[in-house]
Amino acid sequence: MTTTTTRQPQHVRYFVALITAFALIAAACGKGPDLPKTVDAAPAIQNRSNAAALEVDGTSSDIQWAASGSPASVADSIASIEAPDERSDDAGGDVFLLYSSGTVWVTPAPGGGSAVLLYQDNDQAYNRHNGILILNSRWGSRVNNYRSSGGSSNGFRGGGSSSGK
């Protein structure tokens, strides 16, 4: 008795390998824009600074910039380079831009102009500014989609049925 094995043609194996490689590259690139580069390129940005020099509380932020103009106009300037996934304008003048790769906070600088602070971890931004961001229900839904771990540290539990919540 003879047994035969069926092997995939070589071109099929190459095709599968190519599709797998493309999927891995796409997943690696899907982390969102390079926010330091995006903010640096915005016309309203003057220079990188530090929170103390800008006279703002930079708790948990990663990079800070000085900018000319109101927070809304500075946020518009940044958004013209890379459109945010979500934007939240607070009545007090603060503007938050949400990207999958981080959160940009634009706030009035006491010395004039605006201070721009980048949180490369969206949960850090939410934990620091949840009093403002909780008012934007879409923000919590988007942040949960960006989270790579299964846990939720920002208090949003997502949608779906009520079982298990």
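Answer yes if at least one residue in the range 73-82 is polar (S, T, N, Q) and within 19 Å of Asp34 (Cβ to Cβ), and no otherwise. Taking every residue of the range 73-82 in turn, at least one turns out to be polar (S, T, N, Q) and within 19 Å of Asp34 (Cβ to Cβ). Selection of the range 83-97 for residues being modelled with pLDDT of 95 or more and open to solvent by less than 30 Å² (accessible area, probe 1.4 Å) yields Asp94, Val95, Phe96, Leu97.
Name the single residue, out of those in the range 80-102 being part of a strand (DSSP E or B) and free of Cβ contacts under 8 Å to residues at least 24 places away in the same chain, that is farthest from the chain's Cα centre (by Cα). Let's see the steps before the verdict.
Initially, the range 80-102 is screened for residues part of a strand (DSSP E or B), giving 86-89, 95-99, 102.
Still in the running and free of Cβ contacts under 8 Å to residues at least 24 places away in the same chain: 87, 89, 97.
Working: Arg87: 11, Asp89: 16, Leu97: 8 Å.
Only one residue fits best here, namely Asp89.
Looking at the range 44-53, is at least one residue surrounded by fewer than 16 Cβ atoms within 10 Å (Cβ to Cβ), of a type in the set (S, T, N, Q) and touching a helix residue (DSSP H, G or I) at 6+ places or on another chain (Cβ under 7 Å)? No, because not a single residue in the range 44-53 is surrounded by fewer than 16 Cβ atoms within 10 Å (Cβ to Cβ), of a type in the set (S, T, N, Q) and touching a helix residue (DSSP H, G or I) at 6+ places or on another chain (Cβ under 7 Å). Just for the range 116-157: of the residues that are farther than 14 Å from Val95 by Cα and hydroxyl-bearing (Ser, Thr, Tyr), which one is modelled with the highest pLDDT? Looking at residues that are farther than 14 Å from Val95 by Cα and hydroxyl-bearing (Ser, Thr, Tyr), I get Tyr146. Taking the criterion of being open to solvent by 40 Å² or more (accessible area, probe 1.4 Å) and either farther than 17 Å from Tyr99 by Cβ or touching a Pro at 6+ places or on another chain (Cβ under 9 Å) (or both), the residues of the range 73-82 that qualify are Ser73, Ser80, Ile81, Glu82.
Looking at this structure, is Trp105 aromatic (Phe, Trp, Tyr) and either at pLDDT 95 or above or closer than 19 Å to Ala52 by Cβ (or both)? Show your work before the answer.
On the way: aromatic (Phe, Trp, Tyr): yes; either at pLDDT 95 or above or closer than 19 Å to Ala52 by Cβ (or both): yes.
The answer is yes for Trp105.
Looking across the range 103-120, the residues that are closer than 15 Å to Thr59 by Cα and not in a loop (DSSP other than H, G, I, E, B) come down to Thr103, Val104, Trp105, Val106, Thr107, Ala115, Val116, Leu117, Leu118, Tyr119.
The values are calculated or read from the model by the stated rules, or taken from the named source; none is laboratory data. Keep in mind that this is a model prediction, so the values were computed, not measured. Cβ atoms come from the backbone with ideal geometry, glycine included; neighbour counts cover every protein chain shown. Only protein heavy atoms, including side chains, enter the accessible area calculation; ligands, DNA and RNA are left aside. Shrake-Rupley method; radii C 1.70, N 1.55, O 1.52, S 1.80 Å.
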